[in-house]
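Notes to accompany the following structure.
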Amino acid sequence: MGRRKIVLITGASRGIGRALALAFGRHEYAVIVNYLREKEKAVLVVDEIARSGGCARSVRADVGDPVQVQRMIETIAAQEGRIDVLVNNAGVARDGGILRITPQEWNIVLQTNLTGAFFVMQQCARMMVKQKEGAIINIASIAGLRGAPGAANYASAKAGISALTKSAAKELGRFNVRVNAVMPGFHLTDMGQSVPGAYVRRAKEDSVLGCTTAGDEMAAFIVFLAGMRTVSGQIFNWDSRII
């Protein structure tokens, strides 16, 4: 069997990140599970991949801290020699109306969801440029295009992710580094379950199928996208809410 490709998934201890880690593990990637606070959950993800015959390990880093990000990527480079795929998934939510949101609530969402994604992308892109190959997939959101009352910080960060994706694709394409984004739809993950029931009902009503997104289908699509060699600069709406 050939060399396992290396995938780094940020915020992979739970939710969408966990689903992605398990999906990449099933497709014979060596999975690096990034986490910040939930070490026990990250270890459980690693163990689950290992039990199914896969290869994985966890690494702690705050993606919003450029020093920690650089240290994480340097460690991966020293141990693995390369990174083939990056999935920028780490994110937080601090909902609040525009008239009530605090500077701290604004800053932490932008720092993690947008600036953190940039820090990790920048460090990984430096490796991928030297490799002359790589795939970067950013987790965007339909909120970045439609807006989100009560979550202007989250929507603004995700709008930035779409612009960052297109900009990076234009810069890195000549090095055979593909950069795409996926809007994964609404999932009943830990974050999804924390929103008011009225939001869940609206999400289902907005869907032309009347349902939320299936996490396993979304994860399978992202694994497939990571292997596409002639697709870059695209924002994929993996959702049945029409923009």
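Read the figures in this text as sums done on the coordinates, not as results from a lab. The structure displayed is predicted, hence computed values, not measured ones. Here the Cβ positions follow ideal geometry from the backbone for every residue, glycine too, while neighbour counts run over all protein chains shown.
Placing R0 at 22 angstrom, the Cβ-Cβ distance between Val200 and Phe224 gives a FRET efficiency of 0.20 after rounding to 0.05.
Spin-label model, Asn107 to Ala50: label points 7 Å out along the Cα-to-beta-carbon direction sit 3.9 nm apart.
In terms of the Cα gyration tensor, with a ≥ b ≥ c the square roots of its eigenvalues, is segment 198-243 rounded because a/c is under 1.5, prolate because a/b exceeds b/c, or oblate?
On the way: a/c = 3.74, a/b = 2.14, b/c = 1.75.
Prolate.
For the chain, the longest principal axis of the Cα atoms and the long axis of helix 197-206 meet at an angle of about 80 degrees.
Neighbour counts of C-beta atoms inside 10 Å place Ser167, Ser207 in the sequence Ser167, Ser207, starting with the fewest.
Averaging sequence separations of C-alpha pairs under 8 Å and six or more residues apart, then dividing by the length of segment 93-190, give the relative contact order as a whole percent. Don't skip to the end; give the middle numbers.
Numbers: 136 pairs, mean separation 34.2, N = 98.
Normalised by residue count, the contact order of segment 93-190 is 35 percent.
Among the lysines in segment 6-231, how many pairs, 8 or more places apart or on different chains, have alpha carbons under 22 Å apart? Taking segment 6-231 as the scope, the lysine pair count is 7. Sequence-distant contacts, meaning Cα pairs under 8 Å at least 6 residues apart, place the relative contact order of segment 137-181 at 41 percent. Panel order for Asp47, Asp206, by other beta carbons found within 10 Å of each beta carbon, from fewest to most: Asp47, Asp206. If the chain linking Val129 and Arg146 were pulled fully straight, counting 0.36 nm for each residue of separation and taking away their Cα-Cα distance, it would gain 2.8 nm. Under a Cβ-Cβ cut-off of 15 Å, what is the net charge of the residues other than Ala148 that fall near it, where Lys and Arg count +1 and Asp and Glu count -1? Local charge sum for Ala148: +2.
The distance from the alpha carbon centre of segment 1-29 to that of segment 97-146 is 19 Å, rounded to a whole number.
Provide the net charge surrounding Gln234, with neighbours chosen by a C-beta distance below 14 Å and charges set as Lys +1, Arg +1, Asp -1, Glu -1. Provide the component values of the computation, followed by the final result.
Numbers: positive: Lys166, Lys170, Arg178, Arg229; negative: none.
Residues near Gln234 contribute +4 overall.
Between Lys39 and Arg71, the contour length at 0.36 nm per residue exceeds the alpha carbon distance by 9.7 nm. Going from the residue with the fewest nearby Cβ atoms within 10 Å to the one with the most, Ile49, Ile235, Ile243 rank Ile243, Ile235, Ile49.
Where does the charge balance sit around Ala203 when Lys and Arg score +1, Asp and Glu -1, over other residues with C-beta under 14 Å from its C-beta? Mind showing how you got there, number by number?
Working: positive: Arg146, Arg201, Arg202, Lys204, Arg241; negative: Glu205, Asp206, Asp239.
Local net charge: +2.
Taking 13 Å as the straight-line reach from the Cα of Lys5, the aspartates and glutamates in range (excluding those fewer than 8 positions away in the same chain) are Glu28, Glu80, Asp84, Glu133.
Can you tell which of Ser162, Ser52, Ser232 shows the greatest fluctuation in a Gaussian network model of the chain with Cα springs below 10 Å? Taking springs between Cα atoms under 10 Å, the residue moving most is Ser52. In terms of its alpha-carbon gyration tensor, segment 35-177 comes out oblate; a/c meets the 1.5 threshold, while b/c is at least as large as a/b. Taking all Cα pairs closer than 8 Å and separated by 6 or more residues, the relative contact order of the chain comes to 18 percent. Whole-Hz Karplus values for segment 104-109 come out as 5, 5, 5, 5, 5, 5 Hz, taken residue by residue from phi with 6.51 cos²θ - 1.76 cosθ + 1.60 and θ = phi - 60°; glycine and proline positions read x.
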